[in-house]
Amino acid sequence: MSTRSKSGSALLTVLWLTAALSAIGLAVASNVRGETERTATSVDDTKAYFTARGAIERAVLHILWRGYADDAGQPIYYRAGQPAMNLEFPGGQAEVDIIPESSKLNVNSISPDNLLRLLTALGVPIDRATEITSAILDWRKPVDPLHVSPFDSFYLSQSPSFLPRHSSYQENEELMLTKGITPGLYYGESLDDSQAGLRDCLSVYGSGYSVDVNSARQATLQAVGLSQEDALALVARRTARPIADYRELSEIQQALGPSGQHLLLGGQTMYTLRATARLRLPDGKLSDMRRTIAALVHIDFPGNAKGRPAGYQVIRWFDRT
């Protein structure tokens with residue numbers, strides 16, 4: 001082989017090796033960049049999580065301190081009926097939705113008629129709503145040895161199979177095990193929370209008779225007897241300005257007639273607080289990434305009827321996991 005041919009082969013080999021090493025280098029650089037971005041996203045997610053968690057704990061204290069007022073008599077921290085709080089932090093911002101459990105009906109004591117009205121108000125066809133109503137009543141009904149439940153065979157056919165509790169619901173999420181209830185019906189069909197689900201209207205800690213006038217969903221208002229028109233008008237009124245005192249509530253009750261007696265003001269002691277946090281970027285703007293968590297909280301207000309020390313207890317945290 002001539003010297004020129006050997007030189008050409010060597011040059012070609014060098015070019016191929018250079019191309020291969022360049023490809024490997026680009027792949028490594030891409031992987032490193034991807035891992036760096038994923039790590040940065042994970043760090044921001046963690047920061048946003050603790051911002052949201054801190055917002056919930058801060059909001060609980062604001063609710064607990066609702067008796068504090070300024071020189072003009074205006075509440076400093078929280079006004080009864082306030083639906084949300086916007087809280088600022090050095091590294092971000094959080095919006096906390098305040099959802100009294102009294103805005104929901106008690107899943108263990110709601111009457112069949114109210115339950116059927118609730119389901120139809122949520123857009124469930126009447127035949128399916130009737131079946132779900134029967135399934136919920138069957139779940140919370142004790143076992144009758146002389147009469148086998150018509151729903152037990154359905155639960156036993158599932159994988160894994162199970163039998164219903166045949167006693168009170170212990171957790172709200174048990175509703176998703178009940179025949180006929182889909183995740184869409186439980187959580188609501190819309191991503192922006194405009195369409196309520198059963199979790200927004202029923203709770204094991206809910207009210208047995210009356211619901212909070214400021215936070216009960218439209219479907220819940222219809223379930224306790226308000227017409228669709230009256231429920232829509234009430235939602236529009238409280239959106240413009242929360243109903244803050246009992247005199248205004250009394251006027252609403254009188255205008256609505258007997259169904260108005262199913263409305264109350266305030267959250268009593270149990271609240272669900274849902275915080276959505278956004279981090280602040282170096283330029284001062286808020287990040288597009290949002291992180292949401294929630295907590296079910298029991299609050300003992302100063303001077304409570306049970307004589308407990310003022311304070312709060314987180315019953316349960318809710319996260320995407």
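Values in this text are rule-based calculations from the coordinates and carry no lab data. As the structure is a prediction and not an experimental result, all values here were calculated from the model. As a convention, Cβ positions derive from the backbone with ideal geometry for all residues, glycine included, and neighbour counts pool all protein chains shown.
General remarks:
- Cβ-Cβ distances below 9 Å connect the following pairs, each with a first residue in region 146-159 that is in a helix (DSSP H, G or I), a second residue that is of a type in the set (Phe, Trp, Tyr), and a separation of six or more residues or different chains: TYR155/PHE162; LEU156/PHE162.
- The C-beta contact set for region 247-275 (first residue in contact (Cβ under 8 Å) with a residue 40 or more places away in the chain, second residue among the polar types (S, T, N, Q) and surrounded by fewer than 21 Cβ atoms within 10 Å (Cβ to Cβ), distance under 8 angstrom, 6+ apart or interchain) comprises GLN261/SER210; GLN261/GLN253; HIS262/SER210; LEU263/SER210; LEU263/GLN253; LEU264/SER210; ARG274/THR292; ALA275/THR292.
- Hits in region 220-244 - residues which are farther than 16 Å from ARG117 by Cβ and in contact (Cβ under 8 Å) with a residue 40 or more places away in the chain: ARG238, PRO242, ILE243, ALA244
- Looking only at region 219-229, and only at residues there that are among the polar types (S, T, N, Q) and part of a helix (DSSP H, G or I), the one that is surrounded by the fewest Cβ atoms within 10 Å (Cβ to Cβ): GLN228
- Region 230-251, residues that are assigned to a loop (DSSP other than H, G, I, E, B) and exposed (fewer than 15 other Cβ atoms within 10 Å of the Cβ): ARG241, ASP245
- The lone criterion from (1) outside any loop (DSSP other than H, G, I, E, B); (2) hydrophobic (A, V, I, L, M, F, W, C); (3) out of contact with any Ser or Thr (no Cβ under 9 Å at 6 or more places or on another chain); (4) surrounded by 14 or more Cβ atoms within 10 Å (Cβ to Cβ) left unmet by ALA275 is number (3).
- On the stretch given as region 187-215, residues that are outside any helix (DSSP H, G or I) and either out of contact with any helix residue (DSSP H, G or I) (no Cβ under 9 Å at 6 or more places or on another chain) or more than 14 Å from GLN261 (Cα to Cα) (or both) total 18.
- Selected residue [of a type in the set (Gly, Ala, Ser) and not in a loop (DSSP other than H, G, I, E, B)] from GLY184, GLY180: GLY184
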